[in-house]
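**Q** Take a look at this one; I'll ask things after.
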Amino acid sequence: MTLAFRASHEAATPAIVPRRFANADAVCEGWYAVGSARGIRRGAIAPVSIGKRNLVLFRDAAGVLHAVDRACGHLGADLSKGTVTAKGLQCAFHRWCWSGDGRCTAGGGVAAGARIGGYEVRERWGLAWIWAGSKPAYDLPMPERSNRAHVLRLPAQRLRCHAHVVLGNGLDVTHVIPVHRFRFLDDPVVESGPDRLSVSVHTRFDATMMRRVLGVANRTARWRFTNIGPSLAWVNVSAPTPFELLWAARPLPDGSCITQTLFFLPRRRAIVRALPMMVATTWADRHVLDGLQFRPGFVPSDAVFARYVDLVESIPEW
């Protein structure tokens, strides 16, 4: 990275003490991947968590997937031990029923208008996604090149690091040289918008032995990394082989996270040519992130990453 880039962003580096960012006790509003949707059949119930918030997913008789608070609004019984009925999710304790939007539909709470939290759910790419909050501020992203792209979903992985740090890693452009072994050809270009922050990068592969074998040594690479809210990152790679990538991270109660990675390839056989960038964007820095305990020791060259911290800090808590 050039000195000009560092100097131009020096004034943008905030001296902040994050309150929400990388805080295991806070969950910011956003879309969170909570597991496989295909494994939840009609009438099935699955407990899930986002940070320290406990929820249940259940699929009704019509096949629609719902998410509600796990604690019954009556006396707090665990609704994951309940039963799906025609009236909704029935608690095993006193048989109060709850609809997908959290209304009490049967039992002693009907007359009083009792409610629990009910949340928006999306089923996409075989995963169940829950909006943590009352109303989605944005939808899940979609591939820019083609809705018919071949989708490759990697197994979920657990990292001993907060989800915010894992996702913000793509905006930490100074680690690209030592960890990913790229060389910058131009200064990264930073753009921001509602709920998101992007950095566009133009680099060259270092000539490692593996890259010589794969035929990409000293070739150029271009990508745009966009953080969307507190839980998603979208990567659009244009060279050496075009593909797109969705990276999702869900915080766990202990401050670690579950990550989910989906690749969108223009065709199935493109996986061989895309492999070097796929490795570079997903696996190369996991050994560094695993066990990382975030500290806000920002210096001027951290300006882009610090802007992501500001973005998360501006997002309402759930």
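**Q** In debye, nearest 20: dipole of the chain around its Cα centre with unit charges on the Cβ of K, R (+) and D, E (-)?
**A** Charge dipole, the chain, about its Cα centre: 1280 debye, nearest 20.
**Q** Moving on. What are the aspartates and glutamates whose alpha-carbon lies under 16 Å from the alpha-carbon of LYS135, with same-chain residues fewer than 8 places away excluded?
**A** GLU29, ASP69, ASP101, GLU120, ASP195, GLU317
**Q** While we're on this one: Give me the percent relative contact order of the chain, please, defined on Cα pairs under 8 angstrom at least 6 residues apart.
**A** RCO, the chain: 23 percent.
**Q** Could you check how much of the accessible area of the stretch 31-115 is carbon and sulfur, as a whole percent, using a 1.4 Å probe?
**A** 49 percent
**Q** Considering only protein heavy atoms, what per residue accessible area in square angstrom results for the chain with a 1.4 angstrom probe?
**A** Per residue, the chain has 46 Å² of solvent-accessible surface.
**Q** Using helices alone, I'd like the mean residue ellipticity at 222 nm for the chain: each DSSP H run of four-plus residues gives -39500 (n - 2.57), total over residue count, nearest 500. Spell out each step's value before the answer.
**A** Numbers: 7 runs with 52 residues, N = 318.
Helix-only estimate at 222 nm: -4000 deg cm²/dmol.
**Q** Taking the chain as the reference, fit the longest principal axis to its C-alpha atoms, fit the long axis of helix 303-314 to the helix C-alpha atoms, and give the angle between the two in degrees, 0 to 90, nearest 10.
**A** The helix 303-314 is inclined about 10 degrees to the chain.
**Q** Roughly what angle does helix 270-282 make with the longest principal axis of the chain, taking Cα atoms, 0 to 90 degrees, to the nearest 10?
**A** Roughly 80 degrees between the two axes.
The values are calculated or read from the model by the stated rules, or taken from the named source; none is laboratory data. Everything quoted here is computed from the prediction, not taken from an experiment. Note: ideal-geometry Cβ built from the backbone for every residue, glycine included; neighbour counts use all protein chains shown. Keep in mind that these areas ignore ligands, DNA and RNA; they rest on the heavy atoms of the full protein, side chains included. Shrake-Rupley method; radii C 1.70, N 1.55, O 1.52, S 1.80 Å.
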